[in-house]
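The values are calculated or read from the model by the stated rules, or taken from the named source; none is laboratory data. Everything numeric in this text was worked out from a predicted model, so none of it was measured. All Cβ positions, glycine included, derive from the backbone under ideal geometry; neighbour counts span all protein chains shown.
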Amino acid sequence: MAIARIRGANLYYEVAGNGDPVVLIHGFPLSGEMWSDAVAELADRYRCVVPDVRGLGRSDGEDLATMRQYADDIASLLDHLNEPRPVVLVGLSMGGYIAFEFYRRYTRRVRALGLIDTHPRPDAPEKRRERLVSAENTLRQGSIIMADNMLPILFGKQAPEALRKKWHGIMNTSRPAGIAAALRAMADREDSIPTLSTIRVPTLIVVGEEDVITPPDVAKFMHEHIQGSELHIIPRVGHMAPVEAPEAFTRLLRAFVDGLPPQAR
Ligand code: MLT
């Protein structure tokens, strides 16, 4: 674990392994801990970089949170780590929204994309309003509001109680101001549908069969619009594929990164 001063924030991150870089971006309102099984598997051959995005998990800096800022933070963190090579960029849900933004802003720094339990659409007006109200409620009543709201929709039907409890606890430890900032950043995010047809790097799409936040239909939509992408639907799993089915998820990610064309040096 380490903390870097990045663009006015104390950004918590972990780096494990050596080799071609893989950056893993967590969802809302989670932390990099969701990638621990994937990192354990990849670190023998890859340099895994796992930040907690500003304002969430163990990072601060929520006052400046926007999708653009989150993406710029990743670029600055890679600079801080002296990592100029194009990365495999993997994002779950909000992490996927950040990955789209990063791809638009730093196309040449992306070697491949992993779009996990995510989707490209902007918020509908009703959803946007709901997010802004949730942001206010979280600031007034604390992180528990969002932890309670998210828990019933985060996992598939068969997820063990212990897993639900663990992630409820993690969501509840993110600071209210960071959660509110992320809600506003998501409410203001750009439409990424036009980005899909511009993606020219190998792309892995994975979704849980029972994901109700970003369901398989939207994963199929991305697959149809991203040239040469591959799609995998993991059975009996919800929105948290990497923690609900760590073995199945990690096998897919590992096969994808192992199969990429060699990095130009
Ligand atoms: C996430 O898992 O990152 C969020 O649920 C995404 C969202 O609310 O749009």
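Worth pointing out:
- Within segment 48-56, not a single residue is more than 13 Å from the ligand (Cβ to nearest atom), under 23 Å from residue 262 (Cα atoms) and either more than 15 Å from the chain's Cα centre (by Cα) or of a type in the set (Gly, Ala, Ser) (or both).
- Matching option when the condition is over 22 Å from residue 86 (Cα atoms) and among the aliphatic types (A, V, I, L, M), among 30, 24: 30
- Among residues of segment 70-108, those that are free of Cβ contacts under 8 Å to residues at least 60 places away in the same chain and not in a helix (DSSP H, G or I), counted: 3
- Enumeration of residues in segment 5-33 that are on the phi > 0 side of the Ramachandran plot and either surrounded by fewer than 17 Cβ atoms within 10 Å (Cβ to Cβ) or among the charged types (D, E, K, R) (or both): 7, 8, 19
- The combined condition, being surrounded by 19 or more Cβ atoms within 10 Å (Cβ to Cβ) and either modelled with pLDDT of 95 or more or of a type in the set (D, E, K, R) (or both), is fulfilled by residue 243.
- Among the candidates 186, 240, 222, residue that is touching a residue at least 40 places away in the same chain (Cβ under 8 Å), within 16 Å of the ligand (Cβ to nearest atom), of a type outside the set (D, E, K, R) and farther than 25 Å from residue 125 by Cα: 240
- Selection of segment 129-155 for residues being outside any helix (DSSP H, G or I) and more than 14 Å from the ligand (Cβ to nearest atom) yields 142, 143.
- Unique match (being polar (S, T, N, Q), within 12 Å of the ligand (Cβ to nearest atom) and modelled with pLDDT of 95 or more) among 214, 198: 214
- Residue that is farthest from the ligand (Cβ to nearest atom) [pool: residues in segment 21-42 that are β-branched (Val, Ile, Thr) and closer than 14 Å to residue 95 by Cα]: 22
- In the set (1) under 16 Å from the mean Cα position of the chain (by Cα); (2) within 14 Å of the ligand (Cβ to nearest atom); (3) farther than 21 Å from residue 240 by Cα; (4) of a type outside the set (A, V, I, L, M, F, W, C), the condition left unmet by residue 126 is number (1).
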